[in-house]
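Here's the structure we're looking at; comments come further down.
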Amino acid sequence: MIFSSFVISDKEPIYVQICNHIKDNIEAGMLQKGSKLPSTREVSNVLKVSRNSVVTAYEILESEGIIKSVKGKGTFIDKVSRNSKDNFNVDWSSMINEYGEACTKLDILKTELPYKKGMISFKSIAPEEGLFDLEEFKRAFLNVCSMEGDKILNYGYAKGYNKLIDYLMKYMQEKGVNTEGKDILITNGFTEGFDIVLSSLTKAGDSIICEEPTHNTAIKIMKTHNLNIVGVPMDLDGINTKELDKQIKETNPKLAYIIPSYHNPTGIVMKGEKRQEVYKICEKYSVPIIEDGFNEELLYSSSHVPPLVSLSTEGNGVVYIGSFSKILFPGLRIGWIMADKNLIGALESVKRARTIHCSFIDQAILYQYMNSGAFTKYVKKVRKYYRDKYRFTLEEVKKNIPYECIMGEGGLHIFIKLKGISSRDVLAKCYEKGVLFMPGDIFYSGSGGEFTMRIGFSRVKKEEIKKGIKIIGDIVKEMS
């Protein structure tokens, strides 16, 4: 109450003191325009003064336009303080630390050419939202509300929603993974999962092995942790294992980050024999593997290959980070880390210290959706849809764009290497004609990728794919 500090003086009338007290509070910013004042009766009782004195004070203030009374609602401040515009300004840009500066510098949404309305954009590899099974999702939501009621809206557990964890355990078993001695932590997608793992296992200056090129978001996270990124070149069937052995021997890395399936950006699927070789090399030098289970559901041209973590039958040397974000409901931001139980225990504490837990209602809805069988049906539908689109896009690329090689056999994108022509130079000319794609150099931790580009087709209509690829091809031909 504004009168809690009011001290009555015998040097001037009470009503004058009340008027001045309210004015002083307005000038000090304690009372803002629209603030409600206590009633005259309430002020009279608190100050133990005549109500007439309070009424007189309010009448004077209202005549001066400082307050106004609204019938049936009360009395409100109607004046803005002359001092409301203060000079408390901070030069925030000078306060941003090294981490903030690094994140800003590596933010491709701010540093790359922006999308403009009407453009044909091959930048995104997000799923086509028109394919989402909204009715099944609604049903899952209603089931969660009816079965768990208001409990699901309360705080949950840092480790995650138990039913979803159990489901994902079985899901990983179906991929051939021995889950004994392992556990799962639910995360806000791959990004948080990878960040938590690096935060918990590395320190600035540590070396980390990865494929070159690799996932741009992973590069960003590794760089913001001030890690020494050791990129190992890729062959057409995946990482060059001779170079992997050599680099591990020379750099003594803390971890190896590998995307064996539907590699981003190349789309390469590492075959079983090479997976065995990569696993054996890391095992030989005791280098733990962080496996990015990227787009494992979208294989178009061959049978499923078990993940690297499935090779760790009795061991615990692989940390698997999974997510459905590239095919199913990325807005839910749900992923998971599967690893040794003791490690998950530590990562759980890190998760709790950062964000307490992921949204429990989102986890519960995803569990209901997955457990109902809707996900299996959805994957069959989208696999055919994206396979047809992949083949269509691949045919248009082969027909229109002169290339040195095209990589990959699945996923939501195609990776192209041009014949000695800078993809950024091509992009600059394409941008003028309303076409965007992702230049390949952003997927390289150092220099490299100058002649490469990634074409994401998942959200582009076939007629636009045809038109956009032809524009890219015509420009490449002009520059050849």
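We did not get these values from a lab; they are worked out from the coordinates using the rules stated. Being a predicted model, the structure only gives us computed values, none of them experimental. Neighbour counts run over all protein chains shown; Cβ positions are idealised from the backbone, glycine included.
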Exercise for the section: Working from the alpha-carbon coordinates of region 1-110, get Rg over Rh, Rh being the Kirkwood radius. Expected result: 1.29
Handout entry: Taking Ser53, Ser349 and counting other C-beta atoms within 10 Å, the order from fewest to most
Key = Ser349, Ser53
Fill in the blank from the handout: DSSP beta bridges in the chain: the antiparallel percent, rounded to 5, is 60 percent
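Could you sort the peptides 217-230, 8-21 by per-residue average Cβ neighbour count (10 Å cutoff), highest mean leading? Numbers along the way, then the final one.
Values: 217-230: 19.7, 8-21: 14.3.
Highest to lowest by the protection proxy: 217-230, 8-21.
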Exercise for the section: Measure out, as a whole number of angstrom, how far apart the alpha-carbon centroids of region 193-244 and region 378-425 sit. Expected result: 25 Å
Handout entry: Extreme residue, positive dipole direction of the chain, given options Ile475, Ile120, Met438 (C-beta unit charges)
Key = Ile120
Completion exercise
Measuring from the longest principal axis of the C-alpha atoms of the chain, the long axis of helix 341-355 (C-alpha) lies at a number of degrees, nearest 10, equal to 40 degrees
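If each DSSP helix of 4+ residues adds -39,500 (n - 2.57) and the sum is divided by the residues in the chain, what number results at 222 nm, nearest 500 deg cm²/dmol? It would help to have the intermediate numbers written out before the result.
Details: 16 runs with 203 residues, N = 480.
Mean residue ellipticity at 222 nm (helix-derived): -13500 deg cm²/dmol.
State to the nearest 20 debye the size of the charge dipole of region 253-309 about its Cα centre, where the only charges are +1 on K and R beta carbons and -1 on D and E beta carbons. Mind showing how you got there, number by number?
On the way: 6 positive and 7 negative charges, 49 e Å.
Taking the Cα centre of region 253-309 as origin, the dipole is about 240 debye.
Take peptides 191-197, 474-480 and line them up by average Cβ neighbours within 10 Å, highest first, as a rough protection proxy. Spell out each step's value before the answer.
Details: 191-197: 22.7, 474-480: 15.0.
Those peptides, ordered most packed to least, come out 191-197, 474-480.
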Completion exercise
With x for Gly and Pro, the residue-by-residue ³J(HN,Hα) of region 145-150, computed from phi through the Karplus equation 6.51 cos²θ - 1.76 cosθ + 1.60 at θ = phi - 60° and given in whole Hz, is 5, 6, 8, 10, x, 6
Completion exercise
Expected unfolding gain across Thr111-Thr376 under the 0.36 nm per residue rule, minus the alpha-carbon gap, is 91.6 nm
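Ranked highest first by the average count of other Cβ atoms within 10 Å around their residues, in what order do 416-424, 375-383 fall?
416-424, 375-383
Are there GluC sites (Glu not before Pro) in region 38-68 that DSSP puts in a loop and that have at most 16 other Cβ atoms within 10 Å, and which ones? Walk me through the numbers on the way to the answer.
On the way: sites: Glu42, Glu59, Glu62, Glu64; in loops: Glu64.
Here the sparse-neighbourhood loop sites are Glu64.
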Practice task
Specify the angular offset, from 0 to 90 degrees and rounded to the nearest 10, of the alpha carbon long axis of helix 14-27 from the longest principal axis of the alpha carbons in the chain.
Solution key: 20 degrees
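Provide the FRET efficiency to the nearest 0.05 for the Glu42-Glu98 pair, computing r from the beta carbons and using R0 = 51 Å. Provide the component values of the computation, followed by the final result.
Details: r = 54 Å, r/R0 = 1.06.
The computed FRET efficiency comes out at 0.40.
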Handout entry: Among (1) 4, 19, 27, 21, 13, 9, 5, 2, 0; (2) 4, 16, 22, 19, 12, 8, 9, 7, 3, 0; (3) 4, 20, 31, 27, 15, 3, 0, 0, the entry that matches P(r) over Cα pairs in 10 Å bins from 0, in percent as calculated here
Key = (2)
Fill in the blank from the handout: With Cα coordinates, the longest principal axis of the chain makes an angle with the long axis of helix 162-174, in degrees rounded to 10, of 10 degrees
